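One structure follows; several queries about it will come next.
Bear in mind that the values in this text are calculations on the coordinates, not laboratory data. From a predicted model like this one, the values you see are computed outputs, not experimental measurements. For neighbour counting, all protein chains shown are included, and Cβ atoms are generated from backbone atoms with ideal geometry for every residue, glycine included.
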Amino acid sequence: MNVNGFAFWTSSCAVTLVLIASFVISGSPGEQRLVRLDELRVAHLVQLTEAFDDYWEVRDELPVKMSELLDGRRLSRMPSDPETGLAYEYEQLDPTSYQLCATFDRPSASQLAVDFWIHDAGRGCFSFTHSDLEND
């Protein structure tokens, strides 16, 4: 084997090892897609909570249905699950509190324990109260 052949095989092995390491560290492309979908779901829930906040500030009450949040300003169309197209779940718990639910593909990446949006795989719900809305 000459020097060029040795260099070829060495560099080929190095590239293969880098590719394997990248899959191990960051996950497969399919896994990354699921993580991105969950990140988009959380972004949608954040957008909805901001719309709830605006709604509360103007009306001093929570909407009966999420469609009442469509005002053309904060929300011009209702966010929905990026994979299924289904609406996120909304439930008014009492006159000043509500919860939003989504179905996640993967658990949250390891983050600080104080992060409000940490979730497991499967159905996850987040609760909000009037005092949460006032502090935004």
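Taking θ = phi - 60°, what integer Hz values does the Karplus form 6.51 cos²θ - 1.76 cosθ + 1.60 yield along the range 53-69, in sequence order, with x for Gly and Pro?
These are the phi-based 3J(HN,Hα) values: 4, 4, 4, 4, 4, 7, 10, 6, 7, 8, x, 6, 10, 4, 4, 5, 6 Hz.
Okay, next question. Please give the net charge around LEU37, taking every other residue with its beta carbon less than 13 angstrom from that of LEU37, where Lys and Arg add +1 and Asp and Glu add -1.
-2
Output ³J(HN,Hα) for the range 73-79: one whole-Hz value per residue in order, computed from phi by the Karplus curve 6.51 cos²θ - 1.76 cosθ + 1.60 with θ = phi - 60°, and x for Gly and Pro.
Calculated HN-Hα couplings, in order: 9, 6, 10, 9, 8, 7, x Hz.
Then there is this: Just need the relative contact order of the range 29-135 here, percent rounded to a whole number, with Cα pairs under 8 Å and 6+ apart. Walk me through the numbers before you get to the answer.
On the way: 126 pairs, mean separation 25.4, N = 107.
Computed value for the range 29-135: 24 percent relative contact order.
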